[in-house]
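Notes for the one structure printed next.
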Amino acid sequence: MRRRVVATLLVILAVFLGWLALARHRIDAERVTPPTPDKSIQPPSTFGATPTSKAPAESPATPGAPEKAPRVARIERDYADLLNNWRVAASGMSTREQLLAHGRELALLRQSWRADLAGLVSPEELEGFELDVLPAGDAVRRGLAGSTASAAQWRAVFRALEGFDDTFVFGAGATAESLARETARQAADQQIRTALGNERYAFWLKRTNPAFVEIALVVQQQNLPPAAALDVWQVHEELALRQLGGRAQADAPTNQSAGAQAALVQAARVQVEAVIGRDALRRAWNDAFRWLGKKNDSVTAP
C-alpha cells in the first residue's frame with residue numbers, strides 16, 4: 001500500500017514539474033518573440049499582394065518565376081529571425097545612445113530585406129509585403145479600417161509613415177535631434193492630410209492620437225463644425241514645433257529662452273480661444289488643453 005502511495009505521489013510530482021517547465025518555456029518565448037502585426041484588418045483588395053496571397057504567376061520578364069515562392073518564403077523567414085534577434089538585443093539596452101544606434105541597424109536590416117524581395121517580386125507585390133510585415137502597415141490598418149479611404153490613399157499614408165519610421169526608429173536624443181524628428185513627423189503628417197483630405201484626416205487622427213480625440217470632443221460639445229478641431233490641432237502642432245525650435249537655440253540666455261517659451265504658449269492660448277471660446281477653453285483645460293501649460297500661468301490666461 002505504501003509503495004502505491006509513493007508511486008502515485010511521484011507521478012503527481014512529475015506531472016507538476018512538467019507543467020512548470022512548459023509554463024516557464026512559454027514565458028521565455030513571450031519575452032523574445034516580437035508581436036505580430038494585426039492582420040485581421042485588411043485594406044482595400046486593390047492595395048496589392050500580401051505574403052498570404054497566391055504566388056505570382058510565371059512571367060516572361062522574370063526568369064525562373066515558378067521558383068519565386070520558396071525563395072520569397074526563405075527571405076521572409078530570415079528576416080523574421082533577424083528581427084527577433086534585433087528585438088532581443090534591444091531589450092537589453094539601457095541608454096538612449098545604444099537604442100538610437102540599434103535603430104539605425106534596423107533601418108539597414110529593412111533596406112536589405114526590401115532589396116532581396118525587390119529582385120523577386122513586382123513593386124506592387126513588394127508594397128503588399130511591406131504593408132503586411134512592417135509596423136507602418138499595422139498602423140495604417142488600425143487608423144483607416146472602417147473609413148472610406150481608397151487603396152491609393154491607404155498606399156499614400158503607408159508611404160508617409162514608413163518613410164518616417166525608417167529614419168526615426170527609436171525617437172531622438174538631444175534637443176536638436178528631437179527638433180529634426182518632430183519636423184519630419186509633422187511633414188509626414190501633412191502628407192497624410194493631403195492624401196486623405198480633411199474629413200478622412202480627422203477620422204485618422206481620432207484613431208491614432210488621443211490628444212486629438214479630446215479636442216474633437218470639446219468641439220462637438222460646443223456644437224462647432226468638425227473643421228474647428230483641425231484648426232485647434234494645427235495650433236497644437238505649431239506650438240510643439242516652435243517650442244522645440246526655441247529649446248534648440250542653446251546659445252540663448254536662460255531667462256530669455258523661458259520668456260520666449262511663455263510667449264509661444266500665450267500666443268497659442270489666444271488662437272485656441274478664438275476658435276472654441278474662452279469659457280470652453282477654461283472648462284476643458286485639464287482634459288484637452290494641458291499642452292497650453294498651467295491655467296493660471298499669467299494674468300491673461302483664461
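Just so you know, all these numbers are worked out from the coordinates, no wet-lab data involved. If you're wondering where the values come from, they're calculated on a predicted model, not measured in any experiment. Cβ placement follows ideal geometry from the backbone for every residue including glycine, while neighbour counts extend to all protein chains displayed.
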Förster radius 41 Å - calculated FRET efficiency between Ala152 and Asn84, Cβ distance, rounded to 0.05: 0.80
Net charge contributed by nearby residues that have their C-beta within less than 10 Å of Arg282 (K/R +1, D/E -1): +1
Scattering profile of the range 74-138 at q = 0.20, 0.26 Å⁻¹ [log10 I(q)/I(0), Debye over alpha-carbon scatterers]: -0.84, -1.18
Percentage relative contact order, the range 135-246, counting C-alpha pairs under 8 Å, at least six apart: 29
